[in-house]
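What follows is a single structure, written as structure tokens, with notes after it.
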Amino acid sequence: MQHHDGDLAGAQQEHWQSTYGTHPGMYGQEPSAPAIHAAEVFHANGAKDVLELGAGHGRDALYFAHEGFTIQATDFSAAGLEQLKDAAQSQGLAERVTTAVHDVREPLRLPDASVDAVYAHMLLCMALSTQEIHALVRDVRRVLRPGGVFIYTVRHTGDAHYGTGTPYGDDIYEHGGFAVHFFPRHLVDSLADGWTLSEVHAFEEGELPRRLWRVTQIRP
């Protein structure tokens with residue numbers, strides 16, 4: 001068995017950079033179902049400023065901007081964010097969208113209590129250790145204003161790919177060059193410690209299909 005370490009995360013960064021460069025707009029232009037739901041929740045909560053982690057080429061970030069939010073989009077792929085910036089410019093959304101290359105294993109470069117909402121579609125289930133995921137969620141709590149909403153999605157241990165492919169330990173398996181940390185339910189619960197856990201919604205997406213949870217939690 002191989003071990004999860006910085007080499008895996010670095011390799012994944014290179015893989016995503018290459019993938020976005022080779023397949024621009026690989027996820028299409030339509031927003032994901034979780035983003036459509038998240039926008040409704042953010043509006044209902046009175047949010048204005050949204051931070052997206054793992055924005056990729058920006059289909060969800062652009063949707064948030066169209067919905068009237070100011071969106072800060074981060075990703076560790078500069079290639080994906082360049083596509084997002086170009087699309088925002090062409091759609092007249094440049095004033096609502098800012099981008100920053102960022103590795104979520106490092107602290108977020110934002111002040112305390114500076115955003116109303118945080119969104120992450122399948123970012124937490126990338127090649128991150130359980131320890132790194134906990135550190136990231138603590139930092140999300142730091143940058144959220146009191147009453148702020150955090151919505152994230154992750155593939156879970158009920159997914160057909162769980163337990164197959166190349167194992168790295170810590171519930172991480174690689175398929176087709178993409179490493180995934182599959183979430184057990186107790187990890188979701190532990191990440192919500194000190195938060196108000198509003199919802200854990202099971203859904204399916206894409207081919208196979210992938211099985212995910214959409215988690216909504218609120219900073220007290």
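Only one of the numbered conditions (1) modelled with pLDDT of 95 or more; (2) part of a strand (DSSP E or B); (3) open to solvent by less than 20 Å² (accessible area, probe 1.4 Å) is violated by Arg214, and that is (3). For first residues located in segment 49-75 and touching a residue at least 40 places away in the same chain (Cβ under 8 Å), partners that are open to solvent by 10 Å² or more (accessible area, probe 1.4 Å) and among the hydroxyl-bearing types (Ser, Thr, Tyr) and lie 6+ apart or on another chain with Cβ distances below 6 Å form the pairs Asp49/Thr70; Leu53/Thr74; Gln72/Thr98. Number of residues in segment 69-86 that are more than 10 Å from Leu51 (Cα to Cα), open to solvent by less than 20 Å² (accessible area, probe 1.4 Å) and not in a loop (DSSP other than H, G, I, E, B): the value is 4. So, Leu93, is that one outside any loop (DSSP other than H, G, I, E, B), over 26 Å from Trp213 (Cβ atoms), open to solvent by less than 20 Å² (accessible area, probe 1.4 Å) and out of contact with any Lys or Arg (no Cβ under 6 Å at 6 or more places or on another chain) or not? When the stated conditions are applied, Leu93 does not pass them.
Being modelled with pLDDT of 95 or more and in contact with an Asp or Glu (Cβ under 9 Å, 6 or more places away or on another chain) holds for only one residue in Asp116, Asp159, Asp170, and it is Asp116.
Across segment 28-53, the qualifying residues are those that are among the polar types (S, T, N, Q) and modelled with pLDDT of 95 or more, and the one among them that is farthest from Ile218 (Cα to Cα) is Ser32. Taken together, Gly21, Gly56, Gly25 contain a single residue that is modelled with pLDDT under 95 and buried (at least 21 other Cβ atoms within 10 Å of the Cβ), which is Gly56. Meeting the requirement of 1 or more residues that are loosely packed, with under 15 Cβ neighbours inside 10 Å, the strands (runs of 3 or more DSSP E) wholly within segment 121-204 are 144-155, 166-169, 172-175.
Contact annotation: residue pairs with Cβ atoms under 7 Å, 6 or more positions apart or on different chains, pairing a residue in segment 193-209 that is under 15 Å from Ala38 (Cβ atoms) with a partner that is of a type in the set (Lys, Arg), are His201/Arg214; Phe203/Arg214. Filtering segment 42-64 to residues that are β-branched (Val, Ile, Thr) and either in a helix (DSSP H, G or I) or in contact with an Asp or Glu (Cβ under 6 Å, 6 or more places away or on another chain) (or both) leaves nothing.
The values are calculated or read from the model by the stated rules, or taken from the named source; none is laboratory data. Source: prediction; values computed, not measured. Heads up, the Cβs are rebuilt from the backbone with ideal geometry, glycines too, and the neighbour counts pull from every protein chain shown. All accessible areas refer to the heavy atoms of the entire protein, side chains included, with ligands and DNA or RNA removed. Shrake-Rupley method; radii C 1.70, N 1.55, O 1.52, S 1.80 Å.
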